[in-house]
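The values are calculated or read from the model by the stated rules, or taken from the named source; none is laboratory data. Owing to the predicted nature of the structure, the values given are computational and were not obtained by experimental measurement. A quick note on method: Cβ atoms are made from the backbone with ideal geometry, for glycine too, and the neighbour counts reach across all protein chains shown.
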Amino acid sequence: MSLAPVLALSGIHKGFPGVKALSDVSLRLFPGEVHALMGQNGAGKSTLIKVLTGLFQPDAGTITLDGQAIAPKRTEDAQDLGIRTVYQEVNLCPNLSVAENICAGRFPRKSWLGGGRIDWTAVRAEARRVLSQMDLDIDVTAPLSRYSLSVQQMVAIARTLRISARVLILDEPTSSLDDAAVQRLFTVLRRLRDQGLAILFVTHFLDQTYALADRITVMRNGETEGEYPAAELSRLALVNKMVGAPPDQQPTRLDSRASQTGTPVLKAEGLGRRGALHPLDLELRCGEVVGLAGLLGSGRTEAARLLFGADSADAGHVEMHGRSRRWHSPREAIAAGIAFCSEDRKHEGAILELSVRDNILLALQARAGLRLVMSREQQQALAEDYIKRLGIKTASADMPMGQLSGGNQQKALLARWLATQPAVLILDEPTRGIDVRAKEDLMDQVRALAVGQDADAGMAVLFISSELPEVLHCSDRLLVLRDRRAAGEYRRGELDERSVLEVIAAESA
Amino acid sequence: MKDAALPMPTQRVPATPLWRHPLARPLAALALLLAVAAVFVPGFFHLEIKDSHLYGSLVDILNRAAPLMLAALGMTLVIATRGIDVSVGAVVAIAGTVACVLVGSHGLAIAFAAALGAALLCGLWNGLLVSVLGLQPIIATLILMVAGRGLAQLLTDGQIITVYEPASFFWLGAGHLLGLPVSIFVVALVAGLTALLMSRTALGLFIQTVGINPVAARLAGVRTAAIVFFVYVYCSLGAGLAGLMISSNIKSADANNAGLLLELDAILAVTLGGGQLSGGKFSLAGSLIGALIIQTLTSTIYAMGVPPQVTMVVKAVVVFAVCISQSSFWSRKSA
């Protein structure tokens with residue numbers, strides 16, 4: 001490309017305690033292009049955007065705007081430089097008028113002779129000017145709440161365009177829009193691109209990427225996988241780069257396992273929930289690790305939550321040990337022997353201010369009710385036993401959970417569920433956001449758990465991960481989801497990485 | 001081992017110095033207040049035995065703080081679940097009124113049981129609104145705060161009901177046991193039972209879990225709704241007992257003024273004791289100390305002869321100082 005990039009990042013590093021979030025990341029944005037930033041959960045997209053918008057400062061690396069090095073320290077700095085961001089959730093005031101929303105924070109004012117008051121005529125004119133730039137004709141004096149989400153999204157964009165924007169960052173702008181609204185948004189974005197704006201578009205929808213983007217940068221595991229012209233990167237190749245090439249050197253466990261199967265423990269028949277998951281059949285057996293693969297939004301987590309009763313199913317039922325059951329709450333599923341380690345460790349797992357011991361004990365105690373399951377000494381011994389067995393790095397069992405690193409918190413949560421001695425263990429992204437060594441540790445633990453002493457003693461494990469190599473490495477059987485329904489199931493020995501990728505990447509019907 | 005040589009940044013020595021103890025600041029504040037009182041109020045620490053009863057400012061403070069301490073215990077648990085109960089004062093009025101209306105005609109046992117029964121109903125109502133219907137705690141309990149005094153006034157036709165007999169009715173609020181006010185024993189008993197309930201069952205763990213992370217609590221199988229329901233019932237029962245104590249002490253039911261603003265003092269006591277309104281970790285002892293701080297302050301100001309119109313301002317200044325000293329602002333600075 002002959003033009004110089006308007007924004008360029010190179011060698012960006014960013015780490016948090018126990019986590020390497022970004023490692024040698026580079027990104028180039030040219031004027032007049034839509035650039036898609038793709039990557040799975042935890043690939044580092046949001047961290048990168050936070051670096052760009054000044055929310056985080058990189059540990060190393062350079063950011064240049066028009067060839068000048070910049071170091072935004074606050075979001076205001078980035079905004080003043082012309083790097084504007086529209087976030088997933090619309091951040092506007094629905095009860096104020098469209099014009100007020102567009103100009104809020106930087107109202108045109110009358111001169112001091114006029115009292116320095118807000119010049120409402122100018123506010124309206126300004127709002128109309130920006131909206132016409134986007135070819136959007138709406139009443140700027142009407143309250144924003146009168147308009148649909150897609151129009152509100154466009155008003156949010158208009159707001160960022162008012163002050164000479166050089167770069168527009170859109171973080172998952174379409175996740176709450178329907179198809180028609182997405183098309184309208186895209187028309188506006190193409191128009192802005194043609195006016196010379198550089199647009200960075202973050203999404204996990206493949207169809208939308210190909211409909212809009214000129215070039216694609218793929219991130220994986222906090223690193224830049226590569227930068228490609230959209231026309232030259234096939235869907236299959238893109239997904240391959242997002243989920244990681246299947247490891248050639250490592251023999252997958254699918255072949256190495258003995259072929260005998262345990263007795264079925266948990267069976268789901270037509271389990272579904274409107275808007276979350278189409279009816280799904282699933283069977284988990286003793287001593288078996290079943291992998292659940294698919295892209296973000298494919299229904300993986302939704303399936304896990306239905307199996308665990310965290311959400312209630314409106315179709316189908318589950319069978320536990322051959323008995324038909326319907327969960328009304330996680331409590332019932334836990335009582336029946338199911339454990340669920342959520343992907344959202346911070347919000348759905350860890351009790352950060354309580355000790356590691358209390359965190360480990362919680363599910364076991366909750367199942368028992370108010371009567372203490374064991375004496376304080378026994379609690380201490382149990383916690384210390386798991387700390388040792390899982391190699392949790394903590395000064396003591398009394399340490400507040402919040403002082404542990406992410407990987408060690410994850411292990412403590414695993415310990416919480418192991419302590420309940422479940423028949424079925426559901427692990428949703430157990431390796432997300434933890435460093436490579438902790439990942440390997442954890443996967444070893446998972447494998448050891450399922451095997452147990454003999455096939456019928458081991459537990460059934462449902463393993464969900466965005467990392468295809470991880471799933472392949474761990475699973476005896478693989479279920480692929482796409483568009484919230486099952487798209488393929490692979491038994492031991494019939495696995496072919498390429499066909500898995502094809503199923504994951506296939507165009508939605 | 002290779003691992004042992006690696007630095008572990010998450011580790012910190014678990015032994016905390018004495019001044020870092022959560023109760024250190026509330027205790028220091030109380031000690032400071034007592035020291036000030038000793039300087040300005042002659043004979044503040046003087047205790048004497050008259051008619052085989054112990055008299056003195058300190059005993060008086062404990063006695064007067066008793067209703068507040070009962071309310072603060074309940075408020076501690078409510079706040080630990082991220083909630084708040086502003087209906088405490090109204091429940092005090094209801095319980096006191098029910099007891100005073102019934103005690104003359106139906107006897108002490110029925111009157112007390114009915115008063116606590118009324119408080120229980122109030123708690124069930126609050127629990128229903130917050131935990132089952134999912135209303136915001138402050139709004140849910142505001143309903144009873146407003147309606148409760150009205151209900152109490154309906155019971156008394158807007159009059160102050162004075163109780164003349166039985167004399168046993170006055171024992172709870174004004175009687176003596178082993179030379180000390182009965183109210184002190186009641187508070188000790190309630191506090192002791194509550195502490196046992198928290199340590200000998202998993203209730204304390206569940207309450208903290210629900211307060212810190214309700215979503216994670218539910219996913220771990222904790223009966224979050226039941227826990228939230230319980231704390232409101234418990235808080236109202238404590239308020240009911242406080243209402244009995246107050247009406248027994250003043251020998252009357254004053255639907256308008258009994259326990260007026262007690263909920264705010266209770267919230268303040270929890271805060272002064274180190275409790276966070278954002279829920280989670282709680283300390284029953286801290287809240288009791290907080291209640292004592294408030295009562296010591298009030299008594300001292302009166303004893304110093306500060307004009308009543310200035311009292312509230314002085315109280316506000318001291319509370320401001322204590323709250324500021326406990327702000328996380330300082331720990332951030334030193335960290």
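Assorted remarks:
- Residue within the range A:41-51 that is more than 24 Å from the chain's Cα centre (by Cα) and free of Cβ contacts under 8 Å to residues at least 40 places away in the same chain present: no
- Scan of the range A:370-410 for residues that are small (Gly, Ala, Ser) and part of a loop (DSSP other than H, G, I, E, B), ordered by number: A:SER375, A:GLY391, A:ALA395, A:SER396, A:ALA397, A:SER405
- Candidates are the residues of the range A:300-312 that are more than 14 Å from chain B (Cβ to nearest Cβ) and surrounded by 24 or more Cβ atoms within 10 Å (Cβ to Cβ); the one that is farthest from the chain's Cα centre (by Cα) is A:ALA303.
- Within the range A:57-89, being crowded, with 19+ Cβ neighbours inside 10 Å, touching a residue at least 24 places away in the same chain (Cβ under 8 Å) and farther than 20 Å from A:GLY196 by Cβ holds for A:PRO58, A:ILE63.
- For the range A:313-335, the set of residues classified as among the aliphatic types (A, V, I, L, M), within 11 Å of chain B (Cβ to nearest Cβ) and out of contact with any Pro (no Cβ under 9 Å at 6 or more places or on another chain) consists of A:ALA333, A:ALA335, listed by residue number.
- A:ALA180 vs. criteria farther than 20 Å from A:ARG84 by Cα, touching a residue at least 40 places away in the same chain (Cβ under 8 Å) and of a type outside the set (S, T, N, Q): no
Yes or no, residue by residue, for (1) within 19 Å of the chain's Cα centre (by Cα); (2) more than 30 Å from A:LEU372 (Cβ to Cβ):
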residue	(1), (2)
B:THR141	yes, yes
B:LEU155	no, yes
B:PHE169	no, yes
B:LEU178	no, yes
B:VAL182	yes, yes
B:LEU197	yes, no
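- Taking helices (runs of 4 or more DSSP H) as the structural unit, those lying wholly within the range A:123-239 and holding at least 1 residues that are among the basic types (Lys, Arg) and at pLDDT below 90 correspond to A:149-161, A:179-194.
- Extreme residue, nearest to A:ALA310 (Cα to Cα), among residues of the range A:337-353 that are facing chain B (nearest Cβ under 9 Å) and assigned to a loop (DSSP other than H, G, I, E, B): A:SER342
- Summed over the range B:245-298, residues that are of a type in the set (Ser, Thr, Tyr) and surrounded by fewer than 23 Cβ atoms within 10 Å (Cβ to Cβ) total 5.
- Taken over the range A:376-400, the criterion of being at the interface with chain B (Cβ under 10 Å from one of its Cβ atoms), among the charged types (D, E, K, R) and in contact (Cβ under 8 Å) with a residue 12 or more places away in the chain is satisfied by A:LYS393, A:ASP398.
- All of B:ALA253, B:ALA239 fail the test of being in contact with a strand residue (DSSP E or B) (Cβ under 7 Å, 6 or more places away or on another chain) and not β-branched (Val, Ile, Thr), apart from B:ALA253.
- Residue in the range A:360-376 that is small (Gly, Ala, Ser), in contact with a helix residue (DSSP H, G or I) (Cβ under 7 Å, 6 or more places away or on another chain) and modelled with pLDDT under 90 present: no
- Check on B:THR209, of a type in the set (Ser, Thr, Tyr) and surrounded by fewer than 23 Cβ atoms within 10 Å (Cβ to Cβ): no
- Within the range A:448-461, being modelled with pLDDT of 70 or more and surrounded by fewer than 18 Cβ atoms within 10 Å (Cβ to Cβ) holds for one residue alone: A:ALA448.
- Condition met for B:SER183 (crowded, with 17+ Cβ neighbours inside 10 Å, among the hydroxyl-bearing types (Ser, Thr, Tyr) and in contact with a helix residue (DSSP H, G or I) (Cβ under 6 Å, 6 or more places away or on another chain)): yes
- Inter-residue pairs, beta-carbon under 7 Å, first under 13 Å from B:ALA253 (Cα atoms) and part of a loop (DSSP other than H, G, I, E, B) and in the range B:158-173, second of a type in the set (Lys, Arg) and modelled with pLDDT of 80 or more, 6+ apart: B:VAL163/B:LYS251
- Lone unmet requirement of (1) within 11 Å of chain B (Cβ to nearest Cβ); (2) in contact (Cβ under 8 Å) with a residue 24 or more places away in the chain; (3) part of a loop (DSSP other than H, G, I, E, B) for A:TRP417: (3)
- Residue check for A:ARG367: over 29 Å from the mean Cα position of the chain (by Cα), within 18 Å of B:VAL210 (Cα to Cα), within 8 Å of chain B (Cβ to nearest Cβ) and touching a residue at least 24 places away in the same chain (Cβ under 8 Å): yes
- Check on A:GLU429, in contact with a Lys or Arg (Cβ under 9 Å, 6 or more places away or on another chain), in contact (Cβ under 8 Å) with a residue 24 or more places away in the chain, more than 7 Å from chain B (Cβ to nearest Cβ) and acidic (Asp, Glu): yes
- Enumeration of residues in the range B:214-232 that are part of a helix (DSSP H, G or I), within 7 Å of chain A (Cβ to nearest Cβ) and crowded, with 23+ Cβ neighbours inside 10 Å: B:ALA216, B:LEU219
- Taking first residues from the range B:237-260 that are among the hydroxyl-bearing types (Ser, Thr, Tyr) and at pLDDT 85 or above and partners that are crowded, with 21+ Cβ neighbours inside 10 Å and assigned to a helix (DSSP H, G or I), the Cβ contacts under 6 Å between residues at least 6 apart in sequence or on separate chains come to B:SER247/B:GLY96; B:SER247/B:ALA99; B:SER247/B:CYS100; B:SER248/B:PHE169; B:SER248/B:LEU172; B:SER248/B:GLY173.
- Subset of the range B:1-42 (residues that are at pLDDT 70 or above, surrounded by 14 or more Cβ atoms within 10 Å (Cβ to Cβ) and either within 14 Å of another protein chain (Cβ to nearest Cβ) or closer than 19 Å to A:SER405 by Cα (or both)): B:PRO22
- Residue in the range A:37-51 that is of a type in the set (A, V, I, L, M, F, W, C) and more than 30 Å from A:GLU470 (Cα to Cα) present: no
- Yes/no for A:LEU292 being surrounded by fewer than 22 Cβ atoms within 10 Å (Cβ to Cβ), within 19 Å of the chain's Cα centre (by Cα) and not in a helix (DSSP H, G or I): no
- Residue check for A:ARG117: surrounded by 14 or more Cβ atoms within 10 Å (Cβ to Cβ), free of Cβ contacts under 8 Å to residues at least 40 places away in the same chain and more than 33 Å from the chain's Cα centre (by Cα): no
- Within the set B:GLY259, B:GLY305, the sole residue that is more than 14 Å from chain A (Cβ to nearest Cβ), farther than 29 Å from B:GLY148 by Cβ and not in a helix (DSSP H, G or I) turns out to be B:GLY305.
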